[in-house]
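The next block holds one structure in the form of structure tokens; read it before the comments.
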Protein chains: 2
Amino acid sequence: MEQEEKSYVIGLDMGGTNSVFGIVDQRGTIKAQTAIKTTGYPDFADYVKASVEALQPIIEAVGGIANIKGMGIGAPNGNFYTGNIEHAANLIWKGIVPIGKMFEDALGIPVRVTNDANAAALGEMTYGVARGMKNFIMITLGTGVGSGIVVDGNVVYGSDGFAGELGHATVDRSPEARHCGCERHGCLETYCSATGVARTARELLVKYADEPSLLRNTNPDEITSYDVFLAAEKGDKIALEIFEFTGRMLGEACANFALFSSPEAFVFFGGLTKAGEYIMKPIRETYDKNILNIYKGKAKLLCSSLNGSEAAVLGASALGWS
Amino acid sequence: MEQEEKSYVIGLDMGGTNSVFGIVDQRGTIKAQTAIKTTGYPDFADYVKASVEALQPIIEAVGGIANIKGMGIGAPNGNFYTGNIEHAANLIWKGIVPIGKMFEDALGIPVRVTNDANAAALGEMTYGVARGMKNFIMITLGTGVGSGIVVDGNVVYGSDGFAGELGHATVDRSPEARHCGCERHGCLETYCSATGVARTARELLVKYADEPSLLRNTNPDEITSYDVFLAAEKGDKIALEIFEFTGRMLGEACANFALFSSPEAFVFFGGLTKAGEYIMKPIRETYDKNILNIYKGKAKLLCSSLNGSEAAVLGASALGWS
């Protein structure tokens, strides 16, 4: 009897709080899903054991491990070359965690590891809006700003597996540049992450002290990018200006990024993209204004086509096919 | 009789004024060299004809065309994908010039085309200081600033063949940012090219009007980066400050470039590298100060090991092996 093609992969999206597992088919449909707490297991071996226990029933649901080609893991500071999580600041396991090898041993299938932004890029290339593209740059707009860079159809991992940290590109060198969690100043993510947007909101509410705004109904320290979106939807001038500013910063930055790999597209992903044209219009306008002549009109500026809550698991799973 | 391995390649370094041809062996020795004027042939077909005539005797000198594996061309706006020169501002031929195909037809060997900075990167990887490296960034410091980016052992050409224009990275967004020939402002090359250094010299001579300097013996409009070097050698404070400033701008910029591909090295090439530690020390110090923590101590900052006058031909020739 001819051996059947293995039809599924497992994706693991490891966040600081939750770890979500999905079993995915070749068309990018999540056939089954489960989750455990990331924080519940001080000993990493216990985390792997709990994961395998949670996976067992959903693996059985697709006909057993023999039908599964591999597993892909998107994890903070996940290193594609080593298969390890290396010195992740937001996880309880310190130092080097050999997550790839431990899941391989536990499940008996090939396991590949990368970080969440690279996983997102793979997800778009495999199932999403970047299907068929060989050169594009993924920008993830979440609590921070991440990036996954695809050149000639491959994610750029660089000399050490940690390439593609465009969220830490210095975009402001002035003395007023914002301080970043990475201990440097003026990083893109201090302006264009969800927390960057909230920071901009607080700044502009002070700057335009005489301008009424719905955002003044919220404690400044508790303003979220979603509050800004809701206010923008009601035509709030300050809220619109916040997205305008954020989009301009992103457009300028992307015009610089294009010099590197002349991508056919930038793909934006994350909560902020829900702001739609409020943010995409200034991105496009500023990109077009700042891009070097030879690249003009070449790169598309797109939003992810994947369902937000599924995208991270899909992205991780994409690594399971390789 | 077994066919002998083809032992040589032809390199063509096309500059705005001169076109230099070399026949190169596998160790990177230029066995024979010739040149023609780039500007002497309004009809491009005549340029190819003159090139082939000039090449004939040096091809014969290595035993004929049968010993030659291929030809590589480094030319302004040379496009690796199409084999064309496309809209080169500084050449007399306008529009699209199918240089690759025309040399292939004339010589009967494979011909590959790229721009000079990518050729330089290939030269370093094939014969120079980047031998054995899979991930590095070449920065050429000439009249402009060029770059060639190598990821996973391949030059990054991007979606259109024109990737790698880091000389046009915006490094100053302030209102005082320098105007660039590309019609934008604050490009790296307005600060760190040979002409950028001369520009800095003129600015600092005004800024430190009371400080004596050997550079005041030259008409400000005629100061070259070589004058600045000679003055620095004599301990001239302003000259030293010029290289310090230039190196700091480069170090900051390279710290941003590292975020993209986490290279194992930056390789600097061109006249300015003759300034040695005057420029390399501030590059290193500023890079180390600005680099994101996870990349700290990883990338080497190197100068090209190729003989300056031969490097461009060697670089172009490296493309002939592929």
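The values are calculated or read from the model by the stated rules, or taken from the named source; none is laboratory data. These figures come from a predicted structure and were not determined experimentally. Neighbour counts run over all protein chains shown; Cβ positions are idealised from the backbone, glycine included. Just so you know, the surface numbers come from the protein's heavy atoms only, side chains and all, with ligands and any DNA or RNA stripped out. Shrake-Rupley method; radii C 1.70, N 1.55, O 1.52, S 1.80 Å.
Any residue in the range A:201-222 that is within 22 Å of the chain's Cα centre (by Cα) and of a type in the set (S, T, Y)?
no
Tally the residues that are buried (at least 24 other Cβ atoms within 10 Å of the Cβ), facing chain A (nearest Cβ under 7 Å) and part of a loop (DSSP other than H, G, I, E, B), restricting the search to the range B:138-161.
Selection size over the range B:138-161: 2.
Consider only pairs whose beta carbons are under 9 Å apart and that are at least six residues apart or on different chains; among these, list those whose first residue lies in the range A:45-64 and is closer than 12 Å to A:F21 by Cα and whose second residue is among the charged types (D, E, K, R) and open to solvent by less than 20 Å² (accessible area, probe 1.4 Å).
none
Whether any residue in the range A:203-212 is open to solvent by less than 10 Å² (accessible area, probe 1.4 Å) and at pLDDT 95 or above is what I want to check. Step through it out loud before you land on a result.
From the range A:203-212, those open to solvent by less than 10 Å² (accessible area, probe 1.4 Å) are none; that's our starting set.
No, the conditions are met nowhere in the range A:203-212.
Test of understanding: among B:Y278, B:Y295, which residue is surrounded by fewer than 23 Cβ atoms within 10 Å (Cβ to Cβ) and within 12 Å of another protein chain (Cβ to nearest Cβ)?
Criteria check complete, one pass: B:Y295.
Six or more apart or on different chains, Cβ under 7 Å: which pairs go from a residue in the range B:269-295 that's more than 21 Å from B:T190 (Cβ to Cβ) to one that's of a type in the set (S, T, Y)? Could you list them?
Once the first residue is more than 21 Å from B:T190 (Cβ to Cβ) and sits in the range B:269-295, its partners that are of a type in the set (S, T, Y) give B:Y295/B:S262.
Tell me, yes or no, whether the range B:167-177 has at least one residue that is in a strand (DSSP E or B), within 12 Å of chain A (Cβ to nearest Cβ), open to solvent by less than 40 Å² (accessible area, probe 1.4 Å) and without any contact (Cβ under 8 Å) to a residue 24 or more places away in the chain.
Yes; the residues of the range B:167-177 include at least one that is in a strand (DSSP E or B), within 12 Å of chain A (Cβ to nearest Cβ), open to solvent by less than 40 Å² (accessible area, probe 1.4 Å) and without any contact (Cβ under 8 Å) to a residue 24 or more places away in the chain.
Return yes when A:A130 is within 14 Å of chain B (Cβ to nearest Cβ), open to solvent by less than 20 Å² (accessible area, probe 1.4 Å) and part of a loop (DSSP other than H, G, I, E, B) and no when it is not. Steps first, answer last, please.
Numbers: within 14 Å of chain B (Cβ to nearest Cβ): yes; open to solvent by less than 20 Å² (accessible area, probe 1.4 Å): yes; part of a loop (DSSP other than H, G, I, E, B): yes.
Against the criterion (within 14 Å of chain B (Cβ to nearest Cβ), open to solvent by less than 20 Å² (accessible area, probe 1.4 Å) and part of a loop (DSSP other than H, G, I, E, B)), A:A130 qualifies.
Does B:K31 fit the bill of being in contact (Cβ under 8 Å) with a residue 40 or more places away in the chain and not in a helix (DSSP H, G or I)? Talk me through it step by step, then tell me what you get.
Working: in contact (Cβ under 8 Å) with a residue 40 or more places away in the chain: no; not in a helix (DSSP H, G or I): yes.
So B:K31 fails the test.
Can you report the number of residues in the range B:240-259 which are open to solvent by 10 Å² or more (accessible area, probe 1.4 Å) and either within 12 Å of chain A (Cβ to nearest Cβ) or within 20 Å of the chain's Cα centre (by Cα) (or both)? Before the answer, list the steps.
First, pick out the residues of the range B:240-259 that are open to solvent by 10 Å² or more (accessible area, probe 1.4 Å): B:240-241, B:244-245, B:248-249, B:252, B:256-257.
Narrowing the set further to residues that are either within 12 Å of chain A (Cβ to nearest Cβ) or within 20 Å of the chain's Cα centre (by Cα) (or both) leaves B:248-249, B:252, B:256-257.
So the answer is 5.
Does the range B:86-107 contain any residue that is in contact with a helix residue (DSSP H, G or I) (Cβ under 8 Å, 6 or more places away or on another chain), under 23 Å from B:S309 (Cα atoms) and assigned to a strand (DSSP E or B)?
no
Those residues that are among the β-branched types (V, I, T), open to solvent by 10 Å² or more (accessible area, probe 1.4 Å) and away from chain B (no Cβ under 14 Å), I need them from the range A:49-83; list them, please.
Across the range A:49-83, the qualifying residues are A:V52, A:I58, A:V62, A:I65.
Here is a yes/no grid of residues against (1) within 30 Å of B:Q26 (Cβ to Cβ); (2) modelled with pLDDT of 95 or more; (3) of a type outside the set (D, E, K, R):
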| position | (1), (2), (3) |
| --- | --- |
| B:A232 | no, yes, yes |
| B:T246 | no, yes, yes |
| B:M249 | no, yes, yes |
| B:F268 | yes, yes, yes |
| B:I294 | no, no, yes |
| B:L302 | yes, yes, yes |
| B:W321 | yes, no, yes |
